[in-house]
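A short worksheet on the structure shown next.
The values are calculated or read from the model by the stated rules, or taken from the named source; none is laboratory data. Quantities reported herein were computed from a predicted structural model and do not represent experimental measurements. Here the Cβ positions follow ideal geometry from the backbone for every residue, glycine too, while neighbour counts run over all protein chains shown. Quick note on the areas: whole protein, heavy atoms, side chains included, nothing else; ligands and nucleic acids left out. Shrake-Rupley method; radii C 1.70, N 1.55, O 1.52, S 1.80 Å.
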Amino acid sequence: MALFRRWLLISCALILGGAPLGAANSPEDRDYAAASAALQDKFYDRAESGFIQFLENHRKSTNAAQAVLLLAQAQYYLGKYPEAIARLQDTNNLARAQEAGLADGYVYWTGEAEFAAGHFQAAADTLVALPDRFPNSPLATNAVVEAAAAYGKLGHWLQVDGLLDNPNGVFQRAAHLNPPNSIIADGRLLQAESKFMQQDFIAVTGLLNRLDPVGLTQEQDWKRAFLLCRALLSQNNLDAALTAATNLRQIARQGRGDGWATNLAESVALFAGLLERKDRLPEAEAAWGENLTNSAVEFHQQAVLKTVELAMARNHLGEAETNLESYLAKFPASAAAELARLTLGELHLKDFLTQPAATNHFGLALTNLDQFIGTYSNGPLRGKAFLDLGWCDWLATNYSASLTSFQSAAQLLPGSEDLAVARFKMGDAQFALQDYRGARTNYQAVLSDFTGLTNVANSLADRALFQILRAQLELTNAAGLDETMRLFLGKFSTSALADSSLLLAGQGFSSFGSNAIAREVFRRFAAERTNSSLLPQVAFAEARTFEREQNWADAVAHYEAWLQAYPTNEARPEVEYARDWAVAQTGDEGRAFELFTNFTSHYTNHDLTPLALWWVADHYFRSGTNFMDAERNYQLIFQDFPTNQLADRALLMAGRAALGWSQPPEAIPYLNKLISDTNAPGDWRDQARFAYCEAMRSMSASETNNSSLQAATNMLAQMYPEAATNLAGVLAWCETADCDLQMGAFDAATNAYAQALGSPLLTVASLPLDGQKLRDRAQVGMGVVLEKKAEKVEGQADDARKAWLDLAMENYQNVFYLDAETKDEFWTKEAGLRMLALASRTGRLKGKDLDRFIVRLEEKFPQSKTSLELKRAGLKN
């Protein structure tokens, strides 16, 4: 602000001191004139050295005092403020200045140097004293204005007013007595700035309107327009402010030299901001574009963000992305590039969230965030980038990666809403990974570490506590669940999650087996929250507590009450199904059948319909007399609900039902469809193979070529590889042996039984019941085959026949006399009866020995006593 005035002072000093330049004849005059010319031409270093040399060579010159002043000015322009101040305050120099009438100039330039050095209080003290010490100095007005400027730098606006508003003060007298000039204009601008800072906007506009732009420098004219625009804006006079801003921008565009790039950037920012305030968003965005390329570097970041913000406000995400990409291409190393790269990644992420099908945006978000993290290793935005990356990983359901990213964000972010979100999402990721204790810790941190952040308290606290409630439920922590529930209702009783938390707590107590406590919670809910939309769910959950206790009568009563209270509720199908199931558990098979049948008729396409159809089909199957209707209902499941988890089992059961009413050919298509479905569970496919084998054996009764039995063994062969690891493979060998026996292929049968008995699953010392049954079955079967082989050699070789029969007896005895906890009664009895028949036929047991063995069998199997007595009678006869 003071540069124009200072050059005037230099010119005055040159005129006042010494001979005219053209008349410099003596060495002294020539040295003085040379140094002065260098100063006037702005060669300050040359001027400095020239005046120093002059003062050394011409100590007694009449121009010495003037030379000291001009030397100080040269040092001032060279930024040597301490040297200039020291020279002007030197007592010897001051004494000569006093004699030469230049003391006021020394004081003034001391203040100017202090001001330039940033010592504003010292400058103010120096300059404000000048009019008092030199009341007639031509520099008095300049000093007062400069002192006011120093106070302004300090924010001491009352002191500014004291100097410039006083009607009897130096400035006001000069303003009234002298024609408008630059220093008066500076003073008026300072007055206006002071009023603006004190929010007296009307006074600002009054002062600025008194300034005639014609008499102002370009810098003063810009400052006048800048203050006027801001004052009008502060008065919410947007139209007038926009007019002023338009003029301001025009003035700035014409400026040249230092500082004008900043002036233009500030002018553009004001103009664009006003367009935005007036909702002229496209024009505002275009205006900000000028600062992207033509402004000072420090304004790039603001312009980038504003253009993106305005494009987003108009929902032009693509345009915002294009703007950022263009900016980064032109200015990859600018101060705003870091923020631009992060914002670009966030924009693509937002674009993906609004249109998930546009997966390219998801990839671009990851690309930009990864590039940001790889490029800006120590930037202040790195924590935010990891937070965004965590969201990307979360959306991709890569919970381990998201946890790592959220942890990195939490380590880098300062205490802020973003940090709270990072901790919350750490909890979510841990919850998804079933680390419920870790999740609970992070949710608790959201509650305890951000109490000073209102937005966190308003938006995340209740959600964090709700998630803690869920974690307590997963941890089966009944005490923690109760404590969290009470805390939630105490702090967030009006939260949108309050009802859900109470319902969840009640369901938790029920799942923990504390059904009575759960009912207390549900009843409290119903009493206190009579208008809640969750009341139907609460009543449903209360009814389920009786189901969990297997109190079927009360469960039915509560389900019936629910159906009467909420006839149109969307949960009605679930409640009806629960009611029907509870009725079935009471033993009222007839009513349950009626209810489930009605369910399948009324809800033809509900998720629970397959379960209801299954119950009806099972009802028919269990009856043992209506396999046709059983088959029809199983068929409805896999036909109408092919992707339901019951579809595979329904195919199997339809096949079994067809076998039940003696229709093996009808069973085969069901079973083949299941067997050929490689996506079906292996267990169901194996069961279908056994059912297929059963069907083929049934069909073989009417055949003479054993083709059905051969087809059965071919099917069973698919399971042989399982024999080493799965009992289904062992059973396949047993079933194969039975088929071979039926076909009369005794060698093949003995081999098949041997394969079953040789399985590693049947050779261990202690077998589970299923394994023991299979081993017993195989050994009894082996005995039967050996007897059949003995029959084939009868009458030819008694020794061979006896050997086969002895081996058969040994197999029966291995089962009958087995000392194991897992003995199977059926096969033990079967082995004993086979032993009895074989022993009596071969004569190994006679008379009393035979009677004793029969008594042993009767004691072991009392339910078979009648049949055994008949055998005894037959044998004796």
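Cβ-Cβ distance below 7 Å, separation of 6 or more or different chains: which pairs start in region 644-666 with a residue that is over 17 Å from Cys693 (Cβ atoms) and open to solvent by 30 Å² or more (accessible area, probe 1.4 Å) and end on one that is assigned to a helix (DSSP H, G or I) and not hydrophobic (A, V, I, L, M, F, W, C)?
That search, which allows pairs on different chains as well, returns Asn644/Pro610.
Quick one: Gln507 ticks every box in (1) open to solvent by less than 30 Å² (accessible area, probe 1.4 Å); (2) in a helix (DSSP H, G or I); (3) of a type in the set (S, T, N, Q) except a single one, so which number is it?
Single failed check for Gln507: (1).
Hey, does region 138-151 have a residue that's buried (at least 18 other Cβ atoms within 10 Å of the Cβ), touching a Ser or Thr at 6+ places or on another chain (Cβ under 7 Å) and at pLDDT 95 or above?
Scanning region 138-151, I find no residue that is buried (at least 18 other Cβ atoms within 10 Å of the Cβ), touching a Ser or Thr at 6+ places or on another chain (Cβ under 7 Å) and at pLDDT 95 or above, so the answer is no.
When the residues of region 723-747 are narrowed to those that are aliphatic (A, V, I, L, M) and more than 60 Å from the chain's Cα centre (by Cα), which ends up surrounded by the fewest Cβ atoms within 10 Å (Cβ to Cβ)?
My answer is Met743.
Name the residues in region 543-584 that are under 40 Å from the mean Cα position of the chain (by Cα) and open to solvent by less than 30 Å² (accessible area, probe 1.4 Å), would you?
Answer for region 543-584, where residues must be under 40 Å from the mean Cα position of the chain (by Cα) and open to solvent by less than 30 Å² (accessible area, probe 1.4 Å): Ala543, Thr545, Phe546, Tyr559, Trp562, Leu563, Ala571, Pro573, Val575, Glu576, Ala578, Arg579.
Of the residues Glu791, Glu821, which single one is under 60 Å from the mean Cα position of the chain (by Cα) and open to solvent by 70 Å² or more (accessible area, probe 1.4 Å)?
Glu821
Return the pair list, or none, for Cβ contacts closer than 8 Å from residues in region 308-333 that are at pLDDT 80 or above to residues that are of a type in the set (Asp, Glu) and crowded, with 22+ Cβ neighbours inside 10 Å, at least 6 apart or on different chains.
Note: pairs meeting the criteria are Leu310/Glu285.
Find all pairs meeting these conditions: Cβ atoms under 8 angstrom apart; at least six residues apart or on different chains; first residue within region 485-500 and among the charged types (D, E, K, R); second residue at pLDDT 80 or above.
Lys491/Ala461; Lys491/Asp462; Lys491/Leu465; Asp499/Phe525; Asp499/Arg529; Asp499/Ser532; Asp499/Ser533; Asp499/Leu534
Of everything in region 378-397, what is small (Gly, Ala, Ser), surrounded by 19 or more Cβ atoms within 10 Å (Cβ to Cβ) and over 16 Å from Gly363 (Cα atoms)? Give them in sequence order.
Matches in region 378-397: Gly383 only.
Which helices (runs of 4 or more DSSP H) sit wholly inside region 794-877 and have at least 1 residues that are modelled with pLDDT of 85 or more and under 23 Å from Met782 (Cα atoms)?
Once the helices (runs of 4 or more DSSP H) in region 794-877 are filtered for at least 1 residues that are modelled with pLDDT of 85 or more and under 23 Å from Met782 (Cα atoms), what remains is 798-816, 825-842, 847-860.
Mind listing whichever residues of region 152-182 are open to solvent by 60 Å² or more (accessible area, probe 1.4 Å) and either in contact (Cβ under 8 Å) with a residue 60 or more places away in the chain or part of a helix (DSSP H, G or I) (or both)?
Selection gives Lys153, Leu154, Leu158, Gln159, Arg173, His176, Leu177.
Of the numbered conditions (1) of a type outside the set (D, E, K, R); (2) modelled with pLDDT under 90; (3) open to solvent by 10 Å² or more (accessible area, probe 1.4 Å); (4) farther than 17 Å from Glu193 by Cα, Ala265 satisfies every one except a single condition; which is it?
So the condition that Ala265 fails would be (3).
Do the conditions hold for Phe386, that is, is it closer than 19 Å to Leu353 by Cα, under 12 Å from the mean Cα position of the chain (by Cα) and not in a loop (DSSP other than H, G, I, E, B)?
Against the criterion (closer than 19 Å to Leu353 by Cα, under 12 Å from the mean Cα position of the chain (by Cα) and not in a loop (DSSP other than H, G, I, E, B)), Phe386 qualifies.
Do any helices (runs of 4 or more DSSP H) lying entirely in region 545-661 carry at least 1 residues that are within 30 Å of Arg697 (Cβ to Cβ), and which ones are they?
609-623, 627-640, 647-660
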